[in-house]
Structure formats: C-alpha cells, structure tokens
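A.B. asks: I'd like to ask some things about the structure below.
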Amino acid sequence: MIEKSFFARSAASVAADLIGCALFVDGVGGLIVETEAYDEADPASHAYGGPRGRNLAMYGPPGHAYVYRSYGIHWCLNFTCEPEGDGAGVLIRALEPTAGLDRMAARRGLANPLQLASGPGKVGQALGIDLSHYGLPLDQPPFRVEPRGAVPLVAIGPRIGISKGIDTPWRFGLQGSPFLSKRFADPAA
C-alpha cells in the first residue's frame, strides 16, 4: 500500500511516479498507465483561483480522492497531492485492467480490455466511481493503491482535452502501452 506521504510532493512528481502503480476500488482495477498533473498556479486546474465548492478536496490533505463530473456525464478520479492547503491533484487518465474485468465490462457495456479504462471517464465508469468517493482517503477501503515494481519507461507530453495550459508537459504514460487514452507524439510511446 502506498503511504499518504507519497502524495505530499509536487503533482508532476506524483503523476510520473504513479505510472506502473496499481489502483483498485473494491478489488476492481489495474495498473495506472496514464496520468496528468494539475496545481493551483495552472489555469487548466480546478484549483486555479483558490478553494471553492467542488474543488475543496484538492486543498485538503494529500492522498485523498478528488472526484468531479466531466461534461455532466463522466465521473473522473484524481488523487490529491502536495501539502494540505496547496491545491493540486493527479487525474487518473488510463488503466491496464488486471482485476475485476467482468465488473468493468458490465459497467462499461463492452468487453474489449483495451477500451475498458482508456480515458478518464472510462476509468471512472469502469471502477464505479461517483460522488460518494469524493474526499475518501486512498490508503483505506474501498481504495487500494500499490507501489510499482520496477521503474517503467515513462513517456511525457502535453496534457490533452483542455483549452488552457495546453503546452505544460504534465501528461505521463507507460511508454508503448496499448491501454493509453491517446498515444504520445513520440513514436516509441
């Protein structure tokens, strides 16, 4: 199990170091293969402009879930980072499913493992994430975050799906993974 102190660092460091770790929610999940970092100085971050309403968890203690609804449709899962009072988080963009594939498939309405959790909305749906997970600690059930084994090759690039801070290279992915939401510009990724 990853300790909360792991998350009390810069969002970009945490995002890169989460690649290859395992994430499970009620026993369903897999390897984290893609993340994006956000902090309060970043105009693309929900923390930009200070604490308010839905982003309060981002300013809370590190190592908790920040959950929000994207486009009013998809629940997205983020991990809070940096010391309490600093608004920062890591969006879990994609997983390589390894456990509970049948439950993921039922939730997603499809069985192709490559499509079960290859995007932040898909991750939320596959893991059964909803507002009830908001603010929950990542080191207690229903969450389980396990450290990675060997240090993987990590691809780095600009974040996607945003309109501000686009060029900030805070998107991280497992190089060569077929489970990414979108390939990196580097042909090796």
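Throughout, read-outs are computed from the coordinates displayed, never taken from laboratory work. As the structure is a prediction and not an experimental result, all values here were calculated from the model. Note that we place each Cβ from the backbone using ideal geometry, even for glycine, and neighbour counts take in every protein chain shown.
A.B. asks: Choose one answer from 53, 63, 135: the residue with the largest mean-square fluctuation in a GNM of the chain with alpha-carbon springs under 10 Å.
C.D. replies: Looking only at 53, 63, 135, the largest GNM fluctuation is found for 53.
A.B. asks: Please order 4, 122 by the number of other Cβ within 10 Å, starting at the fewest.
C.D. replies: Values: 4 15, 122 22.
Placing the least packed residue first, the sequence is 4, 122.
A.B. asks: Follow-up. Take the chain, connect every pair of alpha-carbon atoms lying under 10 Å apart with a spring to form a Gaussian network, then pick out the residue of 157, 89, 173 with the largest mean-square fluctuation.
C.D. replies: Of the options given, 157 has the highest mean-square fluctuation.
A.B. asks: Quick one: go through the stretch 146-189 and flag any residue whose amide nitrogen is under 19 Å from the point 7 Å out along the Cα-to-Cβ line of residue 115.
C.D. replies: The answer is 178-183.
A.B. asks: Moving to a separate point now. For a footprinting-style exposure proxy, rank 164, 182 by other Cβ within 10 Å, fewest first. Show your work: numbers first, answer last.
C.D. replies: Details: 164 11, 182 15.
In order of increasing Cβ crowding within 10 Å: 164, 182.
A.B. asks: Run the helix sum for the chain: -39,500 (n - 2.57) per DSSP H stretch of 4+ residues, divided by residue count, reported at 222 nm to the nearest 500 deg cm²/dmol.
C.D. replies: After summing the helix terms and dividing by the residues of the chain, the value is -3500 deg cm²/dmol.
A.B. asks: Ok, one more. Starting from the Cα of residue 163, step 7 Å along the direction of its Cβ; do the same at residue 132; then give the gap between the two resulting points in nm.
C.D. replies: 3.4 nm
A.B. asks: Among 79, 184, which comes first, second and so on when ranked by fewest other beta-carbon atoms within 10 Å? List each step's numbers first, then the result.
C.D. replies: Details: 79 27, 184 21.
The fewest-first ordering by Cβ neighbours comes to 184, 79.
A.B. asks: Between 138, 31, 110, which gets the highest mean-square fluctuation from a Gaussian network model of the chain, Cα cutoff 10 Å?
C.D. replies: 110
A.B. asks: Could you tell me the calculated FRET efficiency between residue 52 and residue 4, based on Cβ-Cβ distance and R0 = 35 angstrom, to the nearest 0.05?
C.D. replies: Numbers: r = 24 Å, r/R0 = 0.69.
About 0.90, to the nearest 0.05.
A.B. asks: Taking a quarter of the surface of the Cα convex hull of the stretch 4-174, what do you get in nm²? Spell out each step's value before the answer.
C.D. replies: Working: hull surface 35.5 nm².
If I average the Cα hull's projected area over directions, I get 8.9 nm².
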